[in-house]
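Structure first, then comments.
Quick note: the coordinates plus some simple rules give every number you see, no bench work behind them. All values derive from a computational prediction rather than experimental measurement. Every residue, glycine among them, receives a Cβ derived from its backbone with ideal geometry; neighbour counts consider all protein chains shown.
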Amino acid sequence: MSQQAQTLVDKVWDRHIVSEEPGRPSMVYIDLHLIHEVTSPQAFAALEERGLKLRQPQRTVATMDHSTPTDPRRLEVLDGQSRKQLDLLRHNCEKYGVTLYGIGHDRNGIVHVIGPELGLTQPGMTIVCGDSHTSTHGAFGALAFGIGTTEVSHVLATQCLLQHRPESFEVYVDGALPAGVGAKDIALAIIAEIGTDGGTGHVFEFRGSAIESLSMEGRMTLCNMSIEAGARAGLIAPDEKTFAYLEGRDFAPKGAAWQAAVADWRSLRTDEGATFSRSLTIDASELAPMITFGTNPGMGQAIDKHLPRPEDLESDQAAAELRKALDYMGLEPGKTLLGHPVDVVFIGSCTNSRISDLREAAEIFSGRQVANGVRTLVVPGSQNIKRQAEAEGLDVVFRTAGAEWREPGCSMCIAMNGDQLSPGQYAVSTSNRNFEGRQGRGGRTFLASPRTAAAAAIRGCVTDPRTLTAG
Amino acid sequence: MEALKSLTAKALVVHRDNIDTDQIIPARFLKVTDKAGLGDALFADWRYAEDGTPKSDFVLNQPWAKGRAILVAGQNFGSGSSREHAPWALLGYGFRAVIARSFADIFRNNALKNGVLPVALGKTEHSKVLAALAADRDAELTVDLEMCALGLGGEHIANFEVDAFARHCLLNGLDQLGYLLHFEADIERYEAERSTRAY
Ligand code: SF4
């Protein structure tokens, strides 16, 4: 008898069940646990309190990213509270035997950037981190999701979590992406379509020809933003691109083990006839560059569309929410965003700080100058990316154009490391959250792709990147 | 974790949808290494002016608002970041239950692990609670976890759903780490099986 057709999510899930008992969630084994300075201190404290040891130190890897200054002076500009947090992470890693890629280390970078680039992230794994954008790692066919600090302590102590089997949600993106449209635009289009809670309780599986055609970096951008649609995780079946990306990376299997791994990874696909609890189909050929105008990532639309009007919305509550958002953003309903002046452009974050993102932006910066009065930060996601970009001369392109080339870190994605907006400032940002104050109290964020951000830097206002060809 | 069986208390309403964890506690307060004092940072940017003075128009700053243990919000409460500082801040302020139309997954998990009960209501019941609190801001709500029932001044409003295991832990004040540690033998068996894999 043939086995029941399974989704990719179910296949990965089933491999990790340690025990199951009626009336409680399954106990799920965690292959890779990533930690950073912000969400781990209280978890180590919980271990300390109970006198527990770390069950599998080699399955936990630490980095410093959220509070680390990207200013080249780094430690000199670090505030006392952050210093204490970073020191504590170092202390905890030493005490419990966890590998730490701290500030200044060759392998340091944003947690969701270094996992994949070091080959720590592999198909079929369960991966968690006290960080909601852990969904990024799903690009490799891993089941990867963010957890709270209490759960971080659970993983440290037992390498397991109590979880309910997630429902799977097929996001089928078919067709050829138009020129100038990329993974970030797909992500923002999906969130605009289903809302920031459209994926609650589900794990996305992204499928279809448009997904297959994305680079691994693009797939990471897309999976990264799953959480912005409410899904804790999003994944993509591994394919030849996945294997080619991983082969030879520091922690990828080598030799015979690599062959065995790839043979196994090829089975990680949703079976023909498997059913999803929900499905959404998107025609990639109809997509345009996207931008957000509001205060959550679901408030986005094609860059050349006019802003929605509260009176056109169905429910009073939705109209009230839109009014509040436009009010915070200082925008008028019905107007276009094109030409809206910007003060800051941020190219970076775990969504868009990888080499292909930087190349895309550099194409637009090349031979051009950042508009007067616009502060532009380009922040590579890791030391590895920084080195590669510099080897390709991208840093020179950015600097020559008048942008700042910074040290790796979360930077202006989250206002806790010195990089932030001032009240009232407008930013076009390649990060993932446009929540009120996310980039600095009173700051106003337009989320967009690296191309759209670079175009805004050059023109000094919101600009359709399709009107700016490669320089 | 402090057990929660039933709670009768007055409520505060912040009627917005999609209240994200950056609003519940902005990132600049995440530089701490413990949980102390986070209640003061709850809703910081809505609650305080830039110079730190309380904003007179925000509900938490009203003289009558002190000591209320139930928060009522809109849809998709707790979206965004996984920061457990969000429930720590709610708990630090004194909230033991949040009533909303729906909750983001990670927030719901985090809240339950800290003794903050997320109560999701349907549209009608949610509207009823809002209307009652609009008519009398001092109306008392009863969140009964044993019965999974929400009452308003003695009247039954709705039943709500809570994951059975999380409910068991919350009713008894159990934390899940202790529970997980009982399964040492299963974890060992699983790890032994896995170690035979070729990669
Ligand atoms: S870049 Fe932003 S979203 Fe990504 S891990 Fe850092 S703070 Fe979180």
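Could you give me the ³J(HN,Hα) list for the stretch B:117-125, computed from phi with Karplus coefficients 6.51, -1.76, 1.60 and θ = phi - 60°, whole Hz, x at Gly and Pro?
Working through the residues one at a time gives 8, x, 10, 8, 10, x, 4, 5, 5 Hz.
Say the dipole of the stretch A:314-459 comes from +1 at the beta carbon of Lys and Arg and -1 at that of Asp and Glu; which of A:A391, A:Q420, A:G348 then lies farthest toward its positive end?
A:A391
Once phi is turned into ³J(HN,Hα) by the Karplus curve 6.51 cos²θ - 1.76 cosθ + 1.60 with θ = phi - 60°, what whole-Hz value does each residue of the stretch A:201-206 show in order, with x for glycine and proline?
Taking θ as phi minus 60°, the curve returns x, 10, 10, 7, 10, 8 Hz for the stretch A:201-206.
How high is the FRET efficiency from A:E193 to B:D186, r the C-beta distance, R0 45 Å, rounded to 0.05? Walk me through the numbers on the way to the answer.
Details: r = 42 Å, r/R0 = 0.92.
Working from the Cβ atoms, E equals 0.60.
Under 30 Å between alpha carbons, and skipping anything fewer than 8 positions from A:K241 in its own chain: which lysines qualify?
A:K11, A:K184, A:K254, A:K386
Is it possible to state the helix-based mean residue ellipticity at 222 nm for chain A, with each DSSP H run of 4+ residues giving -39500 (n - 2.57), the sum divided by total residues, to the nearest 500 deg cm²/dmol? What is it?
Rounded to the nearest 500, the figure is -9000 deg cm²/dmol.
Using alpha carbons only, how many angstrom separate the centre of the stretch B:169-194 from the centre of the stretch A:383-445?
Comparing the Cα centres of the stretch B:169-194 and the stretch A:383-445, I get a distance of 42 Å.
Got a sec? Which residues in the stretch B:2-18 would a label at B:N172 touch, if it sits 7 Å along Cα→Cβ and we count backbone N under 15 Å?
Of the residues in the stretch B:2-18, B:2-5 have backbone N under 15 Å from the label point off B:N172.
Compare the peptides B:92-103, A:145-156 by average per-residue count of other Cβ atoms within 10 angstrom and give them in order, highest first.
Values: B:92-103: 21.6, A:145-156: 27.3.
Result, highest mean Cβ count within 10 Å first: A:145-156, B:92-103.
Taking the Cα centre of the stretch A:328-471 as the origin, how large is its charge dipole in debye, to the nearest 20, when only Lys and Arg (+1) and Asp and Glu (-1) carry charge on their Cβ atoms? Show your work: numbers first, answer last.
Values: 16 positive and 13 negative charges, 27 e Å.
It comes to approximately 140 debye.
Hey, rough spin-label estimate for A:E286 and A:E167, points 7 angstrom out along Cα→Cβ, what's it come to in nanometres?
Spacing of the two 7 Å Cα→Cβ label points: 2.4 nm.
Give the percent of DSSP beta bridges with both residues in the protein assembly as shown that are antiparallel, rounded to the nearest 5.
35 percent
Mind checking the full-extension length gain between A:A320 and A:E94? Use 0.36 nm per residue of separation minus the Cα-Cα distance, one decimal, nm. Mind dumping the intermediate values first?
Working: separation 226, 0.36 × 226 = 81.36 nm, distance 5.09 nm.
Between A:A320 and A:E94, full extension yields 76.3 nm more.
Using only Cα atoms, tell me the angle between helix B:184-194 and the longest principal axis of chain B; keep it within 0 to 90° and round to the nearest 10.
So the inclination is approximately 60 degrees.
Would you mind counting up the charge near B:V14? Only other residues with Cβ under 14 Å from its Cβ, with Lys and Arg at +1 and Asp and Glu at -1.
Result for the local shell: +1.
Checking the table B:K55/B:K113; A:K324/B:K31; A:K324/B:K55; B:K66/B:K123; B:K5/B:K123 against a 22 Å threshold on Cα-Cα, which pairs fail?
Distance filter (> 22 Å) returns B:K55/B:K113; A:K324/B:K31; B:K66/B:K123; B:K5/B:K123.
So how far apart, in nm, are the two label points at A:R309 and B:R197 if each is 7 Å from Cα heading toward Cβ?
So the two model labels end up 5.7 nm from each other.
If you rank A:D65, A:D14, B:D20 by fewest surrounding Cβ atoms within 10 Å, what's the result?
Lowest to highest Cβ neighbour count: A:D14, B:D20, A:D65.
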